[in-house]
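What follows is a set of notes on a single structure, which appears directly below.
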C-alpha cells in the first residue's frame, strides 16, 4: 500500500489504505483539493500522467506498493491564468519594442537580403500564441472576460501567415506593412487586454483567499 506522496514538493503521509493509482487520485481529490484548486501535474515513478482522473479504467489496474513514488502538483487555475498572462505581457512587450526597427529594416532590405531579426520574431510570436492557447485551456473559452484575447490571437495567427508568405516571396515591403499596420496594433491590444484581465483575476484570487482563510484580501 502507498504510504506517502509528494504534493508540491512536500511529503504528505497517506493514512488510509491506498492500493491502486485510481484510489490514490480519488483520495487526493477528496482530501487535499480545496475550493479553487486542481491537480495540474502527476508523476508516478518518473512517468508523467496525462490524465489525473481516478475514474480512468487503466488506473484501477495499476498497483501502488509502499515503494511507489507518486508526485502531484496542485495549483489554482486562477493563479495559473495570472502567471500565464504575465508571461504573455512580458513577451509581447519585448516584441512590441522591436517591431518598428524590424519594419524599417525590412522596408530598406533588398530582395536577397533577409532581415536578420525575422526568425526571432517568428519564434516569439509562436511562443505568444502558444501561451494564449495554454491560457485558453485553463479558462472557459466562452467567458466574456476572455473573448477579446481569443479574438486577438486569431487575428495574430492570420497576420503571422501573411508575414510568412511575404517572407517566402522576399517581399520585404509587404512584410514591413504587415508589421506596422496589422501586427503592431494587435500586440498593443493584447498588452492592454491581458493587463485588464490580469487585474480582474487578481481581484478574484484575493476573494478566494479571503473565503479560504477569513483574512482580508491584500
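May I ask you to list the residues in the range 153-174 that are out of contact with any helix residue (DSSP H, G or I) (no Cβ under 8 Å at 6 or more places or on another chain) and within 25 Å of residue 136 (Cα to Cα)?
154, 158, 161
For residue 105, which of the numbered conditions (1) at pLDDT 90 or above; (2) surrounded by 16 or more Cβ atoms within 10 Å (Cβ to Cβ); (3) in contact with a helix residue (DSSP H, G or I) (Cβ under 7 Å, 6 or more places away or on another chain) fails to hold?
Looking at each condition in turn, residue 105 falls short on (3).
Residue 115 - would you say it is farther than 24 Å from residue 178 by Cα and either surrounded by fewer than 16 Cβ atoms within 10 Å (Cβ to Cβ) or at pLDDT 90 or above (or both)?
no
Of all residues in the range 89-110, count the ones that are over 21 Å from the mean Cα position of the chain (by Cα) and farther than 13 Å from residue 176 by Cα. Steps first, please.
Going through the range 89-110, the residues over 21 Å from the mean Cα position of the chain (by Cα) turn out to be 97-110.
Going one step further and asking which of them are farther than 13 Å from residue 176 by Cα, we end up with 97.
The qualifying residues number 1.
Quick check on my filter: what residues within the range 18-35 are out of contact with any helix residue (DSSP H, G or I) (no Cβ under 8 Å at 6 or more places or on another chain), assigned to a loop (DSSP other than H, G, I, E, B) and more than 16 Å from residue 55 (Cβ to Cβ)?
Passing the criteria: 19, 32.
Does the range 67-88 contain at least one residue that is surrounded by fewer than 18 Cβ atoms within 10 Å (Cβ to Cβ), more than 30 Å from residue 172 (Cβ to Cβ) and more than 29 Å from the chain's Cα centre (by Cα)?
yes
Any residue that is in a loop (DSSP other than H, G, I, E, B), out of contact with any strand residue (DSSP E or B) (no Cβ under 7 Å at 6 or more places or on another chain) and either within 30 Å of residue 202 (Cβ to Cβ) or in contact (Cβ under 8 Å) with a residue 40 or more places away in the chain (or both) - is there at least one of those in the range 44-52?
Checking the range 44-52: not a single residue is in a loop (DSSP other than H, G, I, E, B), out of contact with any strand residue (DSSP E or B) (no Cβ under 7 Å at 6 or more places or on another chain) and either within 30 Å of residue 202 (Cβ to Cβ) or in contact (Cβ under 8 Å) with a residue 40 or more places away in the chain (or both).
Across the range 5-17, what is the total count of residues that are part of a strand (DSSP E or B) and surrounded by 14 or more Cβ atoms within 10 Å (Cβ to Cβ)?
4
Which residues, taken from the range 175-190, are surrounded by fewer than 16 Cβ atoms within 10 Å (Cβ to Cβ) and in contact with a helix residue (DSSP H, G or I) (Cβ under 9 Å, 6 or more places away or on another chain)?
188
Which condition number in (1) more than 27 Å from the chain's Cα centre (by Cα); (2) surrounded by fewer than 16 Cβ atoms within 10 Å (Cβ to Cβ); (3) in contact (Cβ under 8 Å) with a residue 24 or more places away in the chain; (4) not in a loop (DSSP other than H, G, I, E, B) is the one that residue 41 fails?
Residue 41 satisfies all of (1) more than 27 Å from the chain's Cα centre (by Cα); (2) surrounded by fewer than 16 Cβ atoms within 10 Å (Cβ to Cβ); (3) in contact (Cβ under 8 Å) with a residue 24 or more places away in the chain; (4) not in a loop (DSSP other than H, G, I, E, B) except (1).
The values are calculated or read from the model by the stated rules, or taken from the named source; none is laboratory data. Worth saying up front: this structure is predicted, and the values here are computed from it rather than measured. Don't worry about glycine lacking a Cβ; one is built from the backbone with ideal geometry, like all the others, and counts go over all protein chains shown.
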